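Notes for the one structure printed next.
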Amino acid sequence: MIFVRLFFEFAKVGLFAVGGGLATIPFLQDMGVRTGWFTNADLTTMIAVSESTPGPMGVNMATYVGFQTAGLPGAVLATLGLVTPSILVIIIIAGFLQKFRQSKTVDAVFQGLRPASTALIAAAGLSVALSVLVTVGGTAEHTFAFRWPAVILCAAVFVCMRYTPLKKLHPVAFIAAAAVIGAVFQF
Amino acid sequence: MNIYFDLFLTFAKVGVCTFGGGYAMLPILQREVVEKKGWATDEELTDYFAVGQCTPGIIAVNTATFIGYKYKGIPGGVLATLGVVFPSLIIITAIAAFLSNFADIPVVQHALAGINAAVVALIAASVMKLGKSTLKNGAAIAVFLCVLALAVFGRLANFDTGAYGALGTALDMLTSPAVLIVLAGVVGFLLYGGRKGGEGK
């Protein structure tokens, strides 16, 4: 039955894809080929929509694929399938950590993890910055050019939310303002 | 308000405000969960991202489950997770049903380019906030710089293309987030594990 299958196919993605939403793409490509539910061209559209709508990308992809394959129940089941392994695994790990919170060994390990985790978030931010703020390639190879409108907007948002009274605003206010600016000035 | 409903609603808000991968939800989590609700601290957020990075599942979902569980046990973990995916269900279903060319609409593309520029700034500001609580001593800063360099190098060099042979495969593994997290955990253990508690606090 398609609903059961959707659930388990996405539970498999949730179990084996480790990391951000982009980590799900190879698994989805494979799923499309095996099941025939969608083609690679469909997948490209799904990625584009998932990137341009609110919500974590991986979740958006599961919902989109589920809906295209079996309507609203499909969307719900694919999404539930994706998150079920996370819920199980994280609850086990979180329970374990809570039990050993006082342990010096666990504390020592996390002392090392925290700066590394911060660095990985910074690296992810840098790679988004690279794709958003500069154009690589273009007319000649190995050239890059700043996308000045994006650079200026990014700098303005950064300064506003760190050094002006506007920092009290909710982050989504900056996102909404940036969407309007992008649309009006045709970024 | 009922605590569980509050959890669900807060994470639904986080879901609506997130554009992109799991990292894009960090600024929203800091505002909603750390500053407004006090359900977690900045340090705990980095812990959750670290664990979420090397456990099965996408980071956004893992982090939501973690925070919900810590606050209200298993029902909390489940409700936070359902909350974070709920907006996707509604929005994506509506778009898939009525606007399958959504991503090709010029206004959407322009708005998204603007949003992405803002998201870069939001992530940068979040990292600076996190750094205040996670980079307090020389060893922590050294780990931060090493991991940052390896991660950026790994992303730029694209070792997994096969052009570099077996060495490329090895380097691709070494620069993958999950492996870097595990290595950093080992470094933490070696640096602080043998001593009596209280170091680096």
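The values are calculated or read from the model by the stated rules, or taken from the named source; none is laboratory data. This structure is a prediction, so every number in the text was calculated from the model and none was measured. Note that we place each Cβ from the backbone using ideal geometry, even for glycine, and neighbour counts take in every protein chain shown. To get the accessible areas, we keep the full protein, side chains included, count just its heavy atoms, and leave off ligands, DNA and RNA. Shrake-Rupley method; radii C 1.70, N 1.55, O 1.52, S 1.80 Å.
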| task | Quick one: check the C-alpha center-to-center distance for the stretch B:1-58 versus the stretch A:1-59, whole angstrom. | result | 23 Å
| field | Rh (Kirkwood; distinct C-alpha pairs) - the stretch B:1-133, Å | value | 15.5 Å
| remark: Checking A:ALA124, A:ALA108, A:ALA155 against a Gaussian network model of chain A (alpha-carbon springs below 10 Å), the top fluctuating residue turns out to be A:ALA155
| Assigned charges on the beta-carbon of Lys, Arg, Asp, Glu; chain A dipole about Cα centre (debye) | 700 debye
| task | For the protein assembly as shown, just say rounded, prolate or oblate: build the C-alpha gyration tensor, square-root its eigenvalues into a ≥ b ≥ c, call rounded for a/c under 1.5, and beyond that prolate if a/b exceeds b/c, oblate if not. | result | rounded
| task | Would you check chain B for Lys pairs whose C-alpha atoms are within less than 18 Å, ignoring same-chain pairs closer than 8 in sequence, and give me the count? | result | 11
| request: Calculate, axis by axis, the spread of Cα positions in the stretch A:147-187 along the three principal axes, and write the results as whole Å, longest axis first. | output: 28, 17, 10
| message | I'd like to check one number: the per residue accessible area of the stretch A:147-187, probe 1.4 Å, reported in Å² as a whole number. | response | 60 Å²
| remark: With -39,500 (n - 2.57) per DSSP H segment of 4 or more residues and division by the full residue count of chain B, the 222 nm estimate, nearest 500 deg cm²/dmol, is -24500 deg cm²/dmol
| Debye, to nearest 20: dipole size of the protein assembly as shown, +1 on Lys, Arg Cβ, -1 on Asp, Glu Cβ | 1180 debye
| task | Could you name the aspartates and glutamates whose alpha carbon sits less than 20 Å from that of A:LYS99, not counting residues in the same chain fewer than 8 places away? | result | A:ASP107, B:GLU43, B:GLU44, B:ASP47
| said: Taking θ = phi - 60°, what integer Hz values does the Karplus form 6.51 cos²θ - 1.76 cosθ + 1.60 yield along the stretch A:160-175, in sequence order, with x for Gly and Pro? | reply: 4, 8, 10, 10, 10, x, 5, 5, 6, 5, 5, x, 5, 5, 5, 5
| query | Which residue fluctuates the most in chain A, going by a Gaussian network model with Cα springs under 10 Å, if the choices are A:ALA62, A:ALA116, A:ALA173? | reply | A:ALA173
| message | Using the basic label-point model (7 angstrom from Cα toward the beta carbon), what is the B:LEU156 to B:ILE141 distance in nanometres? | response | 2.2 nm
| field | Residue-averaged [θ]222 nm for chain A, counting only DSSP H segments that reach four residues, each worth -39500 (n - 2.57) | value | -26000 deg cm²/dmol
| message | Quick check: pseudo-label points 7 Å beyond the Cα along Cα→Cβ at B:VAL107 and B:TYR164, how many nm apart are they? | response | 4.5 nm
| request: Using a Gaussian network model of chain B whose springs link C-alpha atoms within less than 10 Å, name the residue from B:CYS146, B:CYS17, B:CYS54 with the highest mean-square fluctuation. | output: B:CYS146
| query | Let a ≥ b ≥ c be the square roots of the eigenvalues of the Cα gyration tensor of the stretch A:36-187; is it rounded (a/c under 1.5), or, if not, prolate (a/b larger than b/c) or oblate? | reply | oblate
| Counting partner chain Cβ atoms within 10 Å of every residue's Cβ in A:101-109, what's the average? | 6
